[in-house]
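The values are calculated or read from the model by the stated rules, or taken from the named source; none is laboratory data. Quick caveat, the model's predicted, so the values are computed rather than measured. Neighbour counts run over all protein chains shown; Cβ positions are idealised from the backbone, glycine included. Note: areas computed on protein heavy atoms with side chains; ligands, DNA, RNA excluded. Shrake-Rupley method; radii C 1.70, N 1.55, O 1.52, S 1.80 Å.
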Amino acid sequence: MRPHLRSMRTLRLVAAAATVGAVLALPLATAASAASPTVSVGGNPIAVAVNPSTNTVYVANNGGKSVSVINGSTNTVTSTVSVGSGPFGVAVNPSTNTVYVTNNGDNTVSVINGSTNTVTATVSAGSSLYGVAVNSSTNTVYV
């Protein structure tokens with residue numbers, strides 16, 4: 001079943017990433033701990049999403065045209081998926097194990113199979129693509 005793409009003009013995206021090419025894994029119980037691991041990812045990480053069903057973390061690397069796939073149990077990068085130009089937002093549908101990445105540089109959405117970490121489709125979706133959200137109950141993607 002192909003998801004529905006719907007445009008939204010306003011979307012607040014909360015992302016935990018920095019321009020240094022790393023993300024911090026901060027367990028909620030120890031968020032203030034200095035011992036939290038740092039995971040090296042691609043260039044200019046800008047957005048992060050988690051699939052709670054698989055404990056997999058996805059990081060959109062705006063400077064690298066890629067998404068880093070991190071095993072949430074080991075905090076190691078297990079794969080790097082090439083996507084479109086200027087990946088900016090990332091969202092996961094845990095019901096289908098599908099990842100959606102907005103590519104601001106070429107106005108597309110990359111659809112990634114979370115089981116194989118491969119791009120299964122690239123969808124044109126208008127201009128100025130930043131955030132993305134998924135309603136897993138209806139399998140609707142909002143960009």
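Residue check: G131 meets all listed conditions (1) assigned to a loop (DSSP other than H, G, I, E, B); (2) without any contact (Cβ under 8 Å) to a residue 40 or more places away in the chain; (3) surrounded by 15 or more Cβ atoms within 10 Å (Cβ to Cβ) but one, namely (2). Residues in the range 40-54 that are open to solvent by less than 60 Å² (accessible area, probe 1.4 Å) and without any contact (Cβ under 8 Å) to a residue 40 or more places away in the chain: V41, G42, G43, N44, P45. The set of residues in the range 108-128 that are surrounded by 18 or more Cβ atoms within 10 Å (Cβ to Cβ) and either under 12 Å from G86 (Cα atoms) or not small (G, A, S) (or both) comprises T108, V109, S110, V111, I112.
Of the residues contained in the range 31-53, one or more are found to be in a loop (DSSP other than H, G, I, E, B), modelled with pLDDT of 85 or more and over 28 Å from S127 (Cβ atoms). Taken over the range 67-83, the criterion of being closer than 17 Å to G131 by Cα and open to solvent by 10 Å² or more (accessible area, probe 1.4 Å) is satisfied by V83 alone. In the range 85-105, of all residues being open to solvent by 50 Å² or more (accessible area, probe 1.4 Å) and at pLDDT 95 or above, the one that is nearest to P52 (Cα to Cα) corresponds to S95.
Scanning the range 67-92 for residues that are touching an Asp or Glu at 6+ places or on another chain (Cβ under 7 Å) and free of Cβ contacts under 8 Å to residues at least 12 places away in the same chain gives no hits. Of all the listed residues (G64, G105, G114), the sole one being in contact (Cβ under 8 Å) with a residue 12 or more places away in the chain, in contact with a strand residue (DSSP E or B) (Cβ under 6 Å, 6 or more places away or on another chain) and not β-branched (V, I, T) is G114.
So for the range 118-129 (the condition being of a type in the set (A, V, I, L, M, F, W, C), closer than 26 Å to P37 by Cα and modelled with pLDDT of 95 or more), does at least one residue qualify? No, every residue in the range 118-129 fails to be of a type in the set (A, V, I, L, M, F, W, C), closer than 26 Å to P37 by Cα and modelled with pLDDT of 95 or more. Just to be sure, is V141 crowded, with 17+ Cβ neighbours inside 10 Å and at pLDDT 95 or above? Taking the combined requirement at face value, the residue does not satisfy it.
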